[in-house]
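The values are calculated or read from the model by the stated rules, or taken from the named source; none is laboratory data. These figures come from a predicted structure and were not determined experimentally. Cβ coordinates were reconstructed from backbone atoms using ideal geometry, including for glycine residues, and neighbour counts include every protein chain displayed.
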Amino acid sequence: MPELVWLGGTVMDVPGADTRPAPIRRLAVLKLDHIGDFILGMRAMRLLREGFPDAHITLVCAGWAADWARQSGLVDSIVPFDFFPALMREWDRSPERIRQLQDAVAASLPDSYDLAVDLRYGDDTTPVLYRMRTRYRAGFPAPIEPGLPHLDLIVPYSQAIGTGELRARSLQAELRLQMLAATVVAAFGTPQPHPIRACLADSSPRPASTRQFALLSIGAGTAIRNWPVEHYAEVGHALIERHDFDIVILGGKAEQQNAERLSTLLPEGRVQLMMGRSLAELPQLVVGASLCVSNDTGMSHLCAALDVPTVVVLSGQDRMEVWRPAGINAVAIGGWTPCQPCGLKEPGECRWGVPCLHAVTPAHVLEASERLLSRVRNRAAPMTAPGGVSNDPTNILA
């Protein structure tokens with residue numbers, strides 16, 4: 001039986017955190033290297049400044065860089081520390097010396113922080129983060145030290161990009177640091193409205209009913225991602241009974257037959273089909289929904305981007321943690337199997353009967369729906385999976 005996986009949250013989930021980390025008030029940034037490195041890191045520092053405008057940012061840098069740091073206006077306070085000598089040929093690379101320096105940097109930072117980031121592409125300064133008093137740690141990969149906390153957010157190395165016959169290339173050093181900073185802002189910064197909101201148009205059609213309504217989006221680009229119509233019917237019945245929602249069925253022309261069958265399985269007078277609508281109409285239509293239950297399709301991403309409470313049923317056709325919708329009110333559920341991502345398109349191509357998809361039951365979807373609706377109505381704590389397990393994308397890789 002597949003392991004059920006619950007994934008939720010914004011663009012980046014953080015292991016050990018709820019759907020959204022607490023606001024970052026105190027941020028420490030390490031930039032302990034040389035002249036060129038400091039200049040290459042300044043765009044990344046600006047991204048962090050813009051991404052955390054209300055945070056107090058402490059920069060830990062070499063003493064010679066302190067004047068530049070002050071003049072830049074990118075940080076609020078500076079802790080000078082000469083981790084490296086002026087000339088790298090004088091650098092003592094012994095593990096003992098590096099460990100002493102790591103301990104000394106941490107000791108020079110008696111304050112506690114919400115987040116600490118190392119803007120260095122190497123493993124000599126990053127272990128300083130393990131020794132600091134901070135809630136979260138972010139950086140490039142570095143060795144794990146037993147007994148000390150590791151990084152909460154890791155941006156992979158990008159020294160060599162390319163596989164097979166492609167010639168390996170690297171990202172330029174400045175861009176790598178900006179990639180880390182942008183990822184940190186996406187994971188920990190204040191969520192910003194999605195650009196899709198610019199596509200809202202008041203003149204677009206809405207369901208005829210004046211009741212609150214839930215969307216059932218039953219289409220998908222490939223058939224192997226289609227959750228059974230009977231499951232959608234069970235969910236629709238429960239939403240009508242529990243919340244007095246009307247049901248709006250969405251899909252394209254390819255789903256017309258399934259939509260008509262689904263409508264016959266639901267109470268008469270409580271269902272409206274809105275099939276084959278133009279893309280221009282959809283944002284305004286879905287933004288008024290109280291809930292969306294969807295296959296893994298573009299509609300799930302649209303609803304999540306518009307902050308509509310959204311429950312998505314995932315198959316293992318693609319990597320679940322990569323292609324799940326991202327939004328503060330979005331939860332995706334799927335069954336983890338060793339064969340994914342399979343890339344199959346038709347259910348008949350799966351010799352096991354698509355267990356990744358069928359592991360998700362109407363009861364699972366309804367539980368996620370109730371939690372999301374409760375959160376939206378009561379402004380409750382961020383959503384966690386059943387049993388209090390946080391939505392951690394790493395659990396799908398176990």
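Considering 331, 365, 354, the condition of being over 22 Å from the mean Cα position of the chain (by Cα) and crowded, with 19+ Cβ neighbours inside 10 Å is satisfied by 354 alone.
Can you find even one residue in the range 259-272 that is at pLDDT 90 or above, touching a Gly at 6+ places or on another chain (Cβ under 6 Å), outside the structural domain of residue 152 (by TED's automatic domain parsing) and more than 30 Å from residue 343 (Cβ to Cβ)? Spell out the reasoning first.
As a first pass, look at the range 259-272 and keep what is at pLDDT 90 or above: 259-272.
Next, only the ones that are touching a Gly at 6+ places or on another chain (Cβ under 6 Å) stay: 259, 266.
Still in the list and also outside the structural domain of residue 152 (by TED's automatic domain parsing): 259, 266.
Within this subset, residues satisfying the condition of being more than 30 Å from residue 343 (Cβ to Cβ) are 266.
Within the range 259-272, one or more residues are at pLDDT 90 or above, touching a Gly at 6+ places or on another chain (Cβ under 6 Å), outside the structural domain of residue 152 (by TED's automatic domain parsing) and more than 30 Å from residue 343 (Cβ to Cβ).
Residue count for the range 107-134 under the criterion of being among the charged types (D, E, K, R) and either closer than 15 Å to residue 58 by Cα or not assigned by TED's automatic domain parsing to the domain that holds residue 92 (or both): the result is 4.
If we scan the range 244-252, do we find a residue that is surrounded by 14 or more Cβ atoms within 10 Å (Cβ to Cβ) and in a helix (DSSP H, G or I)? Steps first, answer last, please.
We begin by selecting, within the range 244-252, every residue surrounded by 14 or more Cβ atoms within 10 Å (Cβ to Cβ); these are 245-252.
Keeping just the survivors that are in a helix (DSSP H, G or I) gives none.
No, every residue in the range 244-252 fails to be surrounded by 14 or more Cβ atoms within 10 Å (Cβ to Cβ) and in a helix (DSSP H, G or I).
Applying the selection to the range 244-285, what residues are under 30 Å from the mean Cα position of the chain (by Cα) and β-branched (Val, Ile, Thr)? Listed by number, the residues that qualify are 247, 248, 249. Taken over the range 257-298, the criterion of being in contact with a strand residue (DSSP E or B) (Cβ under 7 Å, 6 or more places away or on another chain) and assigned to a loop (DSSP other than H, G, I, E, B) is satisfied by 266, 270, 289, 290, 296, 297. From the list 387, 335, 348, 316, the one residue that fits, being in a loop (DSSP other than H, G, I, E, B) and at pLDDT below 95, is 316. Might you check whether a residue that is touching a Gly at 6+ places or on another chain (Cβ under 6 Å), of a type in the set (D, E, K, R) and not assigned by TED's automatic domain parsing to the domain that holds residue 44 occurs anywhere in the range 183-202? So far as the range 183-202 goes, no, none of its residues is touching a Gly at 6+ places or on another chain (Cβ under 6 Å), of a type in the set (D, E, K, R) and not assigned by TED's automatic domain parsing to the domain that holds residue 44. For the residues 128, 117, 155, the requirement of being within 22 Å of the chain's Cα centre (by Cα) and surrounded by 24 or more Cβ atoms within 10 Å (Cβ to Cβ) singles out 117. Would you check if residue 347 is surrounded by fewer than 16 Cβ atoms within 10 Å (Cβ to Cβ) and touching a residue at least 12 places away in the same chain (Cβ under 8 Å)? In short, no.
Looking only at helices (runs of 4 or more DSSP H) that fall completely inside the range 1-116, which ones have 2 or more residues that are at pLDDT 95 or above and under 20 Å from residue 129 (Cα atoms)? Helices (runs of 4 or more DSSP H) meeting the threshold: 35-51, 95-107. One residue stands out among those in the range 273-296 that are closer than 20 Å to residue 197 by Cβ and among the polar types (S, T, N, Q): the one that is surrounded by the most Cβ atoms within 10 Å (Cβ to Cβ), which is 294.
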